[in-house]
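**Q** Before I ask anything, here is the structure I am working with.
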Amino acid sequence: MRLFIGFDVGGTHIKHGVIDEDGNELTTDQFDTPEDEESFKQQWREVVEAYQNEHEIAAIGVSIPGHINTHTGEAAKAGALEYLDNVNLYDLFAELTDLPLVADNDASCAALGERWCGAGREYENFVCMTLGTGIGGGIVLGGDLYRGSHYRAGEFGVMPVGKHGEGMHEVASAKGLMETCRRALGVSGDDMPKGEELFELMENDLHLREAVEEWALFLARGVYSVISMFDPQVVLIGGGISEQEKIYRLLDKHLQTFEEWEALQVPILPCQLGNQAGRLGAVWLAKQKFASKKD
């Protein structure tokens, strides 16, 4: 049984683990995302070496934000890790390990993770939208990831869905929901209710309910646009907020008002893997790319 290291690089934490070729995670841990390239390389190397001391590793898969050319390793933009902008990731990681390695965009890796072990297992064509600080996206067509001509496919967050053309990042993300609800409640960020409590409060607070309804409308516009463009079998919603059942009822309510929704509609379902999806998808890529390398 071949073993892989999966990394999921985020702006706050870098999660990692050893994953077998069936998608079972044998161990997992994380460290705070370093603020500079040298610290990043040092901590990353230490993790890899520690795993190699305990296991025979076949390859590494890295899920990382930004526009990543998975074939060449060029990172035109690396999200919150600005010190990796315009860095060739394969050259960088080659300095740190001699293990085979593949890297790709985090939202794309999350979609592949769901395709391999999660909510996308039964589908050949689906779209994954991850709601967090912004909105990430992964598009799977014919069972394979669609990356686009410039490796930017799935940038759903820039779609103008707000009243004045604001992008989804601003008005339809989880962060956008928290901000509009904070204004409706008239509280500071520290005093904002979280998760289920927020959706319970809206039942008896008119201003809060209106804010959530408007946010759901903006999200519905984006979902509808993606469905009309790609005609997927299903849309998967990721991020912590995807666990709230009420958002699916709100989405359906708004989508029912859109032209031709009856003909276009497909299921909209929550992702299943949570923050494990990115590193699983990265390992799936490594498994496919280095299939000829045996234990």
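**Q** Working carefully through the options GLY189, GLY239, GLY176, find the one that is touching a Leu at 6+ places or on another chain (Cβ under 7 Å), open to solvent by less than 60 Å² (accessible area, probe 1.4 Å), within 25 Å of GLY10 (Cβ to Cβ) and of a type outside the set (Lys, Arg).
**A** GLY239
**Q** Okay, next question. Is there a residue being over 17 Å from the mean Cα position of the chain (by Cα), open to solvent by 50 Å² or more (accessible area, probe 1.4 Å) and over 18 Å from ILE227 (Cα atoms) anywhere in segment 149-157?
**A** yes
**Q** Let me ask something else. Please list, ordered by first then second residue, the pairs with beta carbon atoms under 7 Å, 6 or more apart or interchain, first in segment 64-79 and farther than 21 Å from GLY113 by Cβ, second of a type in the set (D, E, K, R).
**A** Pairs that qualify, where the first residue is farther than 21 Å from GLY113 by Cβ and the partner is of a type in the set (D, E, K, R), are LYS77/ASP85.
**Q** I would also like to ask the following. Restricting attention to segment 168-199, and to residues there that are hydroxyl-bearing (Ser, Thr, Tyr) and over 22 Å from the mean Cα position of the chain (by Cα), which single residue is farthest from VAL226 (Cα to Cα)?
**A** Here the answer is SER188.
**Q** State yes or no: is VAL102 over 25 Å from VAL18 (Cα atoms) and not assigned by the TED database to the domain that holds ASP231?
**A** No.
**Q** Within segment 1-28, track down each residue that is open to solvent by 60 Å² or more (accessible area, probe 1.4 Å), of a type in the set (Ser, Thr, Tyr) and in a strand (DSSP E or B).
**A** Within segment 1-28, just THR28 meets the criteria.
**Q** Let me ask you something else. For PHE31, are the conditions met, namely being among the aromatic types (Phe, Trp, Tyr) and surrounded by fewer than 19 Cβ atoms within 10 Å (Cβ to Cβ)?
**A** Values: among the aromatic types (Phe, Trp, Tyr): yes; surrounded by fewer than 19 Cβ atoms within 10 Å (Cβ to Cβ): yes.
When the stated conditions are applied, PHE31 passes them.
**Q** Would you pick out the residues in segment 193-239 that are in contact (Cβ under 8 Å) with a residue 60 or more places away in the chain and not in a helix (DSSP H, G or I)?
**A** ASP231, PRO232, GLN233, VAL234, VAL235, LEU236, ILE237, GLY238, GLY239, listed by residue number.
**Q** Out of the residues in segment 133-190 meeting the condition of being aromatic (Phe, Trp, Tyr) and not in a strand (DSSP E or B), tell me which one is farthest from GLY222 (Cα to Cα).
**A** Taking the candidates together, the pick is TYR151.
**Q** Separate question: With respect to PHE40, is the statement that it is open to solvent by less than 10 Å² (accessible area, probe 1.4 Å), of a type in the set (Phe, Trp, Tyr) and assigned by the TED database to the domain that holds GLN288 true? Step through it out loud before you land on a result.
**A** On the way: open to solvent by less than 10 Å² (accessible area, probe 1.4 Å): yes; of a type in the set (Phe, Trp, Tyr): yes; assigned by the TED database to the domain that holds GLN288: yes.
Yes; evaluated as a whole, the condition is true for this residue.
**Q** Just wondering, is there one or more residues in segment 248-265 that are closer than 26 Å to SER63 by Cα, among the hydrophobic types (A, V, I, L, M, F, W, C) and either open to solvent by less than 40 Å² (accessible area, probe 1.4 Å) or in a helix (DSSP H, G or I) (or both)?
**A** No, segment 248-265 has no match at all.
The values are calculated or read from the model by the stated rules, or taken from the named source; none is laboratory data. If you're wondering where the values come from, they're calculated on a predicted model, not measured in any experiment. Glycine also receives a Cβ, built like all others from the backbone with ideal geometry; neighbour counts cover every protein chain displayed. To get the accessible areas, we keep the full protein, side chains included, count just its heavy atoms, and leave off ligands, DNA and RNA. Shrake-Rupley method; radii C 1.70, N 1.55, O 1.52, S 1.80 Å.
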